[in-house]
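Inspection log for the structure reproduced underneath, given as structure tokens.
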Amino acid sequence: MTNNISHTIESLRQRINDHNYRYYVLDDPRISDAEYDTLFAELQSLEKQHPEFITTDSPTQRVGAVPLKEFAEVQHDIPMLSLENAFTEEDVIAFNHRVQERLDRVQDIEYNCEPKLDGLAVSLRYEHGLLVRAATRGDGATGEDITENIRTIKMVPLRLQGKEYPPILEVRGEVYMPKAGFIALNKKAEIKGEKIFANPRNAAAGSLRQLNPRITAARPLAIFCYGVGKVEGGVLPSKHSDILAVLKTWGFVVNPEIEVVTGIAGCLDFYKKIGKKRPNLPYEIDGVVYKVNNLQDQERLGFVSRAPRWALAHKFPAEQVQTVIESVEFQVGRTGALTPVARLRPVAVSGVTVSNATLHNMDEVKRKDIHIGDIVIIQRAGDVIPEVVSVVIEKRPAITEKIKLPEHCPVCHSVVEQIEDEAIARCSGGLFCPAQRKEAVKHFASRRAMDIEGLGDKLVEQLIDNDLISNPADLYKLKLDELAGLERMAEKSAQNLLEALEKSKKTTLARFLYALGIREVGEATAKNLANFFGELEPLFSATVESLQEISDVGPIVAQHIVTFFSEDHNRDVIKKLLAVGVHWETVKKSASALVLAGKTFVLTGTLVSLSRDEAKDKLEALGAKVAGSVSAKTSYVVVGADAGSKLKKAKELGVAVLEEEDFLQFLQVIAKKN
Ligand code: IVH
């Protein structure tokens with residue numbers, strides 16, 4: 001009796017697997033969905049009555065019961081490589097040349113041509129016909145164990161068909177989400193107010209990275225297999241196309257568009273043909289793949305770094321469509337850069353709805369003459385964010401609106417700086433702007449700045465994400481229990497960090513100025529500022545003109561410095577830093593630290609390339625004193641045209657004399673030293 005039931009169960013499984021195979025692989029179902037469901041329900045009920053007969057490869061066992069804690073690592077026996085890309089016909093022709101040359105062959109090469117799906121590469125390992133492990137590609141050498149999730153994809157056989165398969169067989173392929181499934185998934189998500197996926201690739205990736213296989217099971221995932229990895233025992237055919245054919249007999253789904261062609265002309269024909277079909281294919285592709293069909297040839301060709309020499313991905317140009325710019329918003333990046341983003345009337349580009357496009361920067365906006373209300377051509381290349389290619393000028397409506405750079409940061413309302421000749425506009429609220437906080441604090445803590453030991457990038461992110469700090473001054477108010485409460489933070493390390501913070505309070509003015517993260521004020525400029533001013537306060541009221549007296553400081557840096565110190569909230573953070581005890585020893589104002597400190601100059605005669613005042617400013621900026629009369633203490637006399645008594649005196653006293661040309665050269669050399 002039991003024997004009988006186990007038989008019935010097994011034959012039901014066999015029938016269900018066969019129908020699956022007919023449906024997915026042969027695309028030739030013999031029964032209706034309803035009939036299939038009935039068979040399935042029958043099997044389920046028998047297994048429920050006789051759980052002792054349940055096996056893991058039963059079609060009822062695709063969804064595991066318990067969610068995972070994390071994905072285990074999987075070492076790939078054979079690395080999972082990537083593909084070299086080609087964007088033009090010339091690239092493809094060059095590829096074919098290289099292949100022929102390496103194989104020392106003049107005859108046309110036989111290529112296997114395949115659509116290139118935009119999904120995720122996976123590896124499926126079968127032992128004695130049963131699926132034992134599935135993994136992501138990861139970095140090519142190590143991936144993640146996603147067996148439980150892969151099992152939920154009905155197109156993946158849990159048990160192989162036929163008998164001729166090798167005892168160990170690793171099959172590789174691409175998991176993807178069909179366009180229709182993607183649209184339906186996003187619709188559902190929208191109704192429920194859940195996360196919308198940007199494209200089918202992200203949706204597929206997100207679905208496979210679920211720790212709970214039940215979630216994956218509810219996602220419309222599919223797979224096409226395109227090759228093998230490790231194979232042990234058994235012999236596989238000697239051509240790639242024949243391997244794909246035999247994979248089909250074992251129950252793997254292979255893309256039906258795949259073709260074998262002769263020579264490069266055949267490849268390019270395939271490319272054009274698939275390109276035409278692309279909009280009507282039920283899945284997204286971003287190109288086609290050409291593979292040398294003969295495996296012996298493949299082996300002779302080998303691979304370079306991470307891609308085989310025997311394969312090439314020929315990418316499609318980005319699909320372009322027209323739509324309207326409804327408005328423009330400005331996003332603030334981590335470094336304060338403002339990026340104009342166009343809000344578009346939603347439009348489908350190769351099956352994906354696009355409603356935003358980057359305009360990069362204001363120069364681009366000007367160059368492309370983009371206005372709000374314009375009809376524009378947009379394109380999307382792979383998973384790169386869509387961009388506006390150009391305006392359709394013939395279609396420009398009577399009324400459009402110019403795109404204007406905001407005067408204040410949309411995030412923190414600080415002044416926006418746009419330096420002439422620079423494409424990028426930036427928010428000046430570096431220490432204060434929430435969009436820039438993380439970068440600002442990371443920089444502040446870095447070794448060459450405040451040198452807060454143990455406060456690495458990860459920890460800074462944790463502190464900000466947990467709302468423990470919002471600017472550098474908050475660091476010095478952190479409490480032991482707050483720190484120790486953080487994930488992965490032991491009390492000892494929390495204690496160490498507090499000590500490091502305490503230690504960092506004693507610093508130098510130069511480090512402090514550098515730590516503030518003023519745009520374009522690097523270590524060298526910070527040092528010059530510190531030497532020149534000696535203390536912090538004068539910087540608050542320094543002008544663009546006065547700052548330019550300092551070596552290394554041109555009009556742009558000077559402007560950045562002035563803007564920085566004119567922002568109240570920057571001053572506020574500085575005040576707070578001083579209040580918590582950040583301090584430094586006063587720098588002896590300029591002189592001693594500058595290269596010409598202690599030297600006295602006398603200027604005489606008419607200088608041609610600069611006025612005497614200018615020469616005086618330059619010398620003083622370098623620490624020199626400029627005197628009116630020559631004495632034994634004079635270090636140099638600078639002589640212009642028609643120099644009189646002072647030159648004579650210098651000669652008498654043996655003081656060094658510099659002609660104008662020498663003087664200019666001297667200034668240059670000295671300025672570099674400083
Ligand atoms: S063959 C050594 N065939 O493209 C060969 N890859 O850019 C490596 N892909 O990681 C893979 N369709 O995720 C191959 N028909 C196809 C493919 C394909 C999509 C993906 C795969 C791979 C990536 C490389």
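The values are calculated or read from the model by the stated rules, or taken from the named source; none is laboratory data. Just so it is clear, the structure is predicted and the values come from calculations on it, not from any experiment. So basically every Cβ, Gly included, is an ideal-geometry build from the backbone, and we count neighbours across all protein chains shown.
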Limited to segment 104-153, what total is found for residues that are surrounded by 21 or more Cβ atoms within 10 Å (Cβ to Cβ), β-branched (Val, Ile, Thr), farther than 30 Å from ILE264 by Cβ and more than 16 Å from the ligand (Cβ to nearest atom)? 1
Given the criteria part of a loop (DSSP other than H, G, I, E, B) and modelled with pLDDT of 95 or more, does ASP57 qualify? no
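Just the residues that are part of a loop (DSSP other than H, G, I, E, B) and either hydrophobic (A, V, I, L, M, F, W, C) or at pLDDT 90 or above (or both), please, taken from segment 415-446. Spell out how you get there, then give the answer.
Within segment 415-446, the first condition is being part of a loop (DSSP other than H, G, I, E, B), and the residues that meet it are 419-424, 428-436, 446.
Within segment 415-446, ILE419, ALA423, ILE424, LEU431, PHE432, CYS433, ALA435, SER446 qualify.
Tell me the residue from LEU68, LEU12 that is at pLDDT 90 or above and crowded, with 16+ Cβ neighbours inside 10 Å, please. Let's see the steps before the verdict.
Working: LEU68 fails: at pLDDT 90 or above.
Only one candidate passes the filter, namely LEU12.
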Is one or more of the residues making up segment 576-590 without any contact (Cβ under 8 Å) to a residue 40 or more places away in the chain, crowded, with 18+ Cβ neighbours inside 10 Å and either polar (S, T, N, Q) or in contact with an Asp or Glu (Cβ under 6 Å, 6 or more places away or on another chain) (or both)? no
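For ALA435, are the conditions met, namely being buried (at least 20 other Cβ atoms within 10 Å of the Cβ), within 20 Å of LEU513 (Cα to Cα) and touching a residue at least 24 places away in the same chain (Cβ under 8 Å)? So that I can check it myself, show each step before the final result.
On the way: buried (at least 20 other Cβ atoms within 10 Å of the Cβ): yes; within 20 Å of LEU513 (Cα to Cα): no; touching a residue at least 24 places away in the same chain (Cβ under 8 Å): yes.
In short, no.
Of all helices (runs of 4 or more DSSP H) completely enclosed by segment 448-524, which ones contain at least 1 residues that are over 27 Å from the mean Cα position of the chain (by Cα) and farther than 30 Å from GLU422 by Cα? Explain how you work it out, then say what you get.
Numbers: elements: 457-465, 472-475, 480-484, 491-504, 509-515.
Once the helices (runs of 4 or more DSSP H) in segment 448-524 are filtered for at least 1 residues that are over 27 Å from the mean Cα position of the chain (by Cα) and farther than 30 Å from GLU422 by Cα, what remains is 472-475, 480-484, 491-504.
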Filter segment 296-332 down to residues that are within 13 Å of the ligand (Cβ to nearest atom), touching a Leu at 6+ places or on another chain (Cβ under 8 Å) and not in a strand (DSSP E or B) and give me whichever is modelled with the lowest pLDDT. ARG306
Only one residue in VAL261, VAL253 is touching a residue at least 60 places away in the same chain (Cβ under 8 Å), away from the ligand (no atom under 12 Å from the Cβ), assigned to a strand (DSSP E or B) and of a type outside the set (Gly, Ala, Ser), so which one is that? VAL261
Which residue out of ALA245, ALA218, ALA205, ALA222 is surrounded by fewer than 16 Cβ atoms within 10 Å (Cβ to Cβ) and either under 33 Å from the mean Cα position of the chain (by Cα) or touching a residue at least 60 places away in the same chain (Cβ under 8 Å) (or both)? ALA218
Run down LYS506, LYS458, LYS477 and say which single residue is of a type in the set (D, E, K, R) and free of Cβ contacts under 8 Å to residues at least 24 places away in the same chain. LYS458
Consider TYR290 against the criteria (1) over 25 Å from TYR126 (Cβ atoms); (2) more than 13 Å from the ligand (Cβ to nearest atom); (3) hydroxyl-bearing (Ser, Thr, Tyr): it satisfies all of them except one. Which criterion is unmet? (2)
